[in-house]
Amino acid sequence: MRGRKARRIPIHRTLPALARDPLRAFAAIGRDTGGEVVQLNLGLHRPYLVSRPEDMQHVLRDRADNYTRDGMLWKPLRRLFGNGLGMDGPDWARSRQLMLPVFSARNVATIMGELTAALTEAVDELDPYARAEEPIDTRLEMTRIIHRALIRVFIGKGMSTEDADRLGHAVTGGFTSIGPRLLLPFVPDSVPLPGDGAFMRAVRQADAIVTPIVRQRKREGATGDDLVSLLCRARDENGDPLDEELVRNDVVAMFAGASETSAVALTWLWILLNDHPEVADRVYDEVDRVVGDEPPGPAHVPKLVYTKQVLQELLRLYPVGWIIPRFAQEADVVGGVEIPAGSTVLASPYLTHRMERYWERPYDFDPDRFGPERSGRRAPSSYVPFGLGAHQCLGSHFFLVEAQLIVAIVLSRYRVRLRGAAPVVPQAAATLRPRGKVEVMLSYRSPQ
Ligand code: HEM
């Protein structure tokens, strides 16, 4: 099968613009090319950019065997995740198979009570800020709340809240410090780059926290139904238990996949509600109507319909996983364009979600797009915040349920206002996050 050579977006156009404001440059390329597969000329590094729904399907789903997690992003991350869930190959396939039931809608329903308790206790810790009328650092607090939930429902006993926070910092530190290796994927591991030391410290810290828990769980017989026990009890194709390192790798990969993404998405939430008061009013009204004077809990989740639409639209406009890099093992043709073996392919949900062909007024924040009347008209794979195909996010349902609960718990107690008047702009790092610190003020909605 032959295709045409990719149109090259030249270095003088891409590099300065990408360095100044990668997202704006990215969006402009997407607009100009109408979703055609193009090659970015970044000097030594020349990745292919993919965004049309059918091309996303090809790369991430239909030919997932050819487009693997290697090269850009994944090569440096391998040192943190090791083999297993965070990577590719037989260890990944086994771990994914093992973990699928944990993330099923049925299992998420059974852990929802525990999840609500963990989230409610974590939100309680915001009370002193509301009483003292002091701002909270949204990203830090959302991260803390998410860590509390993750340890309670997935890791079980054995990890203290301090260790969960330290593991979270290690993972976030790991993601931040691999920045230079992300930008310079052609530099061999043997050549030191800034950030390497911090990254390796993060890897050692993750080991020091998770490995003793795995050892202890194995010693005690791993009878619980948390994720660590499940992995400790699992057998490989020869009937042997998974080794300690593989269990450690899967726990770190799950924690990393769940915490940074969820915390960043929930930070965007308060910004968007602040910028769109008419949407915020509807969310407050829905929480009041559905939850009333009861403590928010699992029974309310299916009724928080508009809240879910807001979360879905938030992930359309700001897909936290804005690019999903892959490495072409063999030559292929995508969207009529030749992809040589060994190329980096960047599948970009950020661009897919901004294509006018699939989205009316794509730059507007409009949660009604996800209402029952308009959802049915959506083209397949035009909404991909959780990826697609073989590696599609395991935690997407869990995230939406968790976020609906957080919104219900927070908004039934407090009115949330963003501090400062300057508009918040996105920053493209390993995740698509708001640039700088985002602070909010909480005030009680009813007298205390
Ligand atoms: C806003 C929240 C989230 C977003 C935007 C998100 C996004 C994604 C994306 C785009 C992928 C695909 C990566 C790829 O194809 O290489 C992915 C994979 C994954 N996510 Fe999520 N995620 C979120 C929350 C979660 C949560 C809460 C969990 C777990 C509790 C989780 C666990 C995972 C795992 C384990 C994978 C790897 C699956 C595999 O490789 O087979 N994610 N996520």
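A few comments on the model shown:
So that you can scan it fast, the table gives a plain yes or no per residue for (1) modelled with pLDDT of 80 or more; (2) under 22 Å from the mean Cα position of the chain (by Cα):
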position	(1), (2)
144	yes, yes
167	yes, yes
170	yes, yes
177	no, yes
184	no, no
204	yes, no
227	yes, yes
234	yes, no
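- Residue among 286, 294, 260 that is among the acidic types (Asp, Glu), in contact with a helix residue (DSSP H, G or I) (Cβ under 8 Å, 6 or more places away or on another chain), under 29 Å from residue 320 (Cβ atoms) and without any contact (Cβ under 8 Å) to a residue 40 or more places away in the chain: 286
- On the stretch given as segment 269-282, residues that are under 23 Å from the mean Cα position of the chain (by Cα) and either β-branched (Val, Ile, Thr) or under 23 Å from residue 446 (Cα atoms) (or both) total 5.
- Residue within segment 206-223 that is surrounded by fewer than 21 Cβ atoms within 10 Å (Cβ to Cβ), in contact (Cβ under 8 Å) with a residue 60 or more places away in the chain and farther than 30 Å from residue 325 by Cα present: no
- Given (1) among the aliphatic types (A, V, I, L, M); (2) within 16 Å of residue 69 (Cα to Cα); (3) in contact (Cβ under 8 Å) with a residue 40 or more places away in the chain, index of the condition residue 341 fails: (3)
- Criterion: surrounded by fewer than 16 Cβ atoms within 10 Å (Cβ to Cβ), of a type outside the set (Asp, Glu) and modelled with pLDDT under 90 - qualifying residue of 76, 10, 22: 10
- Where helices (runs of 4 or more DSSP H) fall entirely within segment 17-125, those with at least 3 residues that are closer than 30 Å to residue 408 by Cβ are at 105-124.
- When 387, 371 are screened for being under 30 Å from residue 29 (Cβ atoms), surrounded by fewer than 21 Cβ atoms within 10 Å (Cβ to Cβ) and not basic (Lys, Arg), only 387 passes.
- You will find that of 54, 125, 114, the residue that is at pLDDT 95 or above, under 28 Å from residue 210 (Cβ atoms) and either more than 13 Å from the ligand (Cβ to nearest atom) or not β-branched (Val, Ile, Thr) (or both) is 125 and no other.
- Matching residues, segment 240-257, being in contact (Cβ under 8 Å) with a residue 60 or more places away in the chain and either charged (D, E, K, R) or within 9 Å of the ligand (Cβ to nearest atom) (or both): 245, 248, 250, 253, 254, 255, 256, 257
- Identification of helices (runs of 4 or more DSSP H) wholly contained in segment 226-319 with 2 or more residues that are under 23 Å from residue 155 (Cα atoms) yields 227-233, 244-275.
- When segment 301-331 is filtered for residues that are under 20 Å from residue 74 (Cα atoms), more than 13 Å from the ligand (Cβ to nearest atom) and surrounded by 20 or more Cβ atoms within 10 Å (Cβ to Cβ), only 328 remains.
- Among (1) touching a strand residue (DSSP E or B) at 6+ places or on another chain (Cβ under 9 Å); (2) crowded, with 17+ Cβ neighbours inside 10 Å; (3) over 28 Å from residue 401 (Cα atoms) - the single one residue 60 does not satisfy: (3)
- Among the residues examined, residue 193 qualifies as part of a loop (DSSP other than H, G, I, E, B), buried (at least 17 other Cβ atoms within 10 Å of the Cβ) and more than 21 Å from the chain's Cα centre (by Cα).
- Every residue from segment 397-433 that is under 30 Å from residue 446 (Cβ atoms) and within 16 Å of the ligand (Cβ to nearest atom): 399, 400, 401, 402, 403, 404, 405, 406, 407
- When the test is whether a residue is outside any helix (DSSP H, G or I) and within 24 Å of residue 32 (Cβ to Cβ), residue 380 does not pass it.
- Against the conditions (1) assigned to a helix (DSSP H, G or I); (2) within 14 Å of the ligand (Cβ to nearest atom); (3) within 24 Å of residue 263 (Cβ to Cβ); (4) of a type outside the set (S, T, N, Q), residue 390 satisfies every one except (3).
- Matching entry among 86, 71 (being buried (at least 22 other Cβ atoms within 10 Å of the Cβ), under 30 Å from residue 335 (Cα atoms) and not charged (D, E, K, R)): 86
- Test: residue in segment 433-445 that is surrounded by 13 or more Cβ atoms within 10 Å (Cβ to Cβ) and small (Gly, Ala, Ser): no
- Hey, residue 168 of a type outside the set (Lys, Arg) and on the phi > 0 side of the Ramachandran plot or not: no
- Of the criteria (1) more than 11 Å from the ligand (Cβ to nearest atom); (2) of a type outside the set (Ser, Thr, Tyr); (3) over 30 Å from residue 207 (Cα atoms); (4) out of contact with any strand residue (DSSP E or B) (no Cβ under 9 Å at 6 or more places or on another chain), which one residue 47 fails: (4)
The values are calculated or read from the model by the stated rules, or taken from the named source; none is laboratory data. Model, not experiment: these values are computed from the prediction. Every residue, glycine as well, gets a Cβ built from its backbone with ideal geometry; the counts of neighbours run over all protein chains shown.
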